[in-house]
Amino acid sequence: MRQGTKVTRIGFPEPSQGSPFLPGPVFAGPFHAAGDVSSSPFTYGRFHNPTWTMYEQALGELEGGTAVVFSSGMAAIAAVLGVVLRPSDIVVLPTDCYFTTRRLATAYFSEMGVRVKMAATAGNAQRELLEGAKLLWLESPSNPGLDVCDISELVRLAHEAGALVSVDNTTATFLGQAPIAMGADFSVSSDTKAITGHSDLILGHVAMRDEDWAERIRTWRTQIGAIPGPMEVWLAHRSLVTMDLRLRKQCANALAIAQYLATRKDVTGLRYPGLPNDPSNPIAVRQMQLFGPLVSFVLPDRGCAERFLKSCRLVYEATSFGSIHTTAERRARWGGDPVPEGFIRLSVGCEDLQDLISDISQALDLASAK
């Protein structure tokens, strides 16, 4: 069964006369659990919940491993780092991965005695730092620069060096590429983004190839308490059903918009892995099935970028990405990412393509006219 079919029904219970396709969320703290609790599948709401179980089954099949859901993408990231790393261990990170991941590693985990080494995503530069490493952390395409690394090759090299590999797959999603099939030990995602896709949830998950690591990750979630609410998980599972439709439309729109932006003289630094002339394209076409909804580009300066965003009628100015709604932001406003003041991260949605191009065109014209 192909992924586009799987997302429409994966994790649903077997059909039962008179029952809904996807049962509603289960709200519970304690469950009935008399006597020997080993006979009860559910005992307490911090340990497990049947709504989580269905969603995790769906994610596990789609990822090709065992999945554990968390209250946010950062909770999922912290779980992998917290379970794998100990004082004096070495973790290798991309210099251009998600800022909060870098911040967590270089602040909290570094203070705990973990040694952090960093190199760029482009050119597989992290391969030079693998000696003695406990964990290699990859993010491909990187956020927000959209550089791509060769995941299979880096996994091979890391495993030869005795390191585990975790891939932040938020930008691509499991429909865009399959880190576990490429040998990664962990595939981490912020489900807040394209997986749920409606700008209304905060969730994350970790998928693993090894059940022993999955049990450790579950224990971390139970002990730390980074659990998601059942309503959020049920909404995520419901949203999963349309993910293939949404993401394919977003990716098609993103490619067309990137092609349009390539014709603009006021646009520089254009990046989209699906463009044949993008530096990431040769690797991306080998390991990605979809190139994602993100396009990045640079306008001449901060003022031009801000005028562009203000002039857009269909593009919301907001952080995050992967929604059915097209959003954009001047990424340098947050600090932390080494990008120019006029750098724009554009997350392309599901609106009509011609409407989007017309809106972006008129906004660029207005921004450049002053």
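The values are calculated or read from the model by the stated rules, or taken from the named source; none is laboratory data. Worth saying up front: this structure is predicted, and the values here are computed from it rather than measured. No Cβ is skipped: glycine too gets one built from the backbone with ideal geometry, and neighbour counts run over all protein chains shown.
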So which residues in the stretch 328-370 are of a type in the set (Gly, Ala, Ser) and closer than 30 Å to ARG103 by Cα?
ALA328, ALA332, GLY335, GLY336, GLY342, SER347, GLY349
Name every residue in the stretch 68-88 that is among the β-branched types (Val, Ile, Thr) and surrounded by fewer than 22 Cβ atoms within 10 Å (Cβ to Cβ), in order of residue number.
VAL83, VAL84
Residue check, VAL116 in contact with a Ser or Thr (Cβ under 7 Å, 6 or more places away or on another chain), surrounded by 15 or more Cβ atoms within 10 Å (Cβ to Cβ), assigned by TED's automatic domain parsing to the domain that holds MET208 and hydrophobic (A, V, I, L, M, F, W, C):
yes
Assess whether GLY123 counts as being outside any loop (DSSP other than H, G, I, E, B), modelled with pLDDT of 95 or more, at positive phi and not aromatic (Phe, Trp, Tyr).
yes
Any pair with Cβ under 6 angstrom, 6 or more apart, that starts in the stretch 40-67 at a residue that is at negative phi and surrounded by fewer than 21 Cβ atoms within 10 Å (Cβ to Cβ) and ends at one that is hydroxyl-bearing (Ser, Thr, Tyr) and at pLDDT below 95
none
Residues in the stretch 130-162 that are under 20 Å from ILE77 (Cβ atoms), of a type in the set (Gly, Ala, Ser) and part of a loop (DSSP other than H, G, I, E, B): how many?
4
Filter result for the condition that a residue is touching a helix residue (DSSP H, G or I) at 6+ places or on another chain (Cβ under 8 Å), within 22 Å of PRO300 (Cβ to Cβ), outside the structural domain of LEU203 (by TED's automatic domain parsing) and surrounded by fewer than 17 Cβ atoms within 10 Å (Cβ to Cβ), over GLU329, GLU317, GLU341
GLU317
Scan the stretch 335-370 for residues that are at pLDDT below 95 and assigned to a helix (DSSP H, G or I) and report the count.
1
Contact list, first residue from the stretch 154-171 and assigned by TED's automatic domain parsing to the domain that holds CYS97, second anywhere and basic (Lys, Arg), beta-carbon distance below 9 Å, six or more apart or interchain, is LEU154/ARG127; LEU157/ARG127; ALA158/ARG127; GLY162/LYS134; ALA163/LYS134; LEU164/LYS134; THR170/LYS193; THR171/LYS193
Criterion violated by CYS304 - all others in (1) out of contact with any helix residue (DSSP H, G or I) (no Cβ under 8 Å at 6 or more places or on another chain); (2) not in a loop (DSSP other than H, G, I, E, B) satisfied
(1)
Please verify whether GLU306 is surrounded by fewer than 21 Cβ atoms within 10 Å (Cβ to Cβ), under 22 Å from the mean Cα position of the chain (by Cα), more than 25 Å from THR95 (Cβ to Cβ) and touching a residue at least 12 places away in the same chain (Cβ under 8 Å), treating the condition exactly as stated.
no
Please give the number of the condition PRO230 fails out of (1) farther than 25 Å from THR95 by Cβ; (2) surrounded by 23 or more Cβ atoms within 10 Å (Cβ to Cβ); (3) in contact with a helix residue (DSSP H, G or I) (Cβ under 9 Å, 6 or more places away or on another chain).
(2)
Of the residues in the stretch 197-209, those that are surrounded by fewer than 24 Cβ atoms within 10 Å (Cβ to Cβ) and either within 30 Å of SER358 (Cα to Cα) or without any contact (Cβ under 8 Å) to a residue 40 or more places away in the chain (or both) number 4
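Residues checked against (1) touching a Phe, Trp or Tyr at 6+ places or on another chain (Cβ under 7 Å); (2) at pLDDT below 95; (3) not small (Gly, Ala, Ser):
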residue	(1), (2), (3)
THR170	no, no, yes
GLY183	no, no, no
THR196	no, no, yes
GLY225	no, no, no
MET231	no, no, yes
LEU245	no, no, yes
GLY269	yes, no, no
Which members of the stretch 110-158 meet the condition of being over 23 Å from the mean Cα position of the chain (by Cα) and closer than 30 Å to GLY274 by Cα?
GLU128, LEU129, LEU130, LEU157
Does the stretch 130-143 include one or more residues that are modelled with pLDDT of 95 or more and surrounded by fewer than 17 Cβ atoms within 10 Å (Cβ to Cβ)?
yes
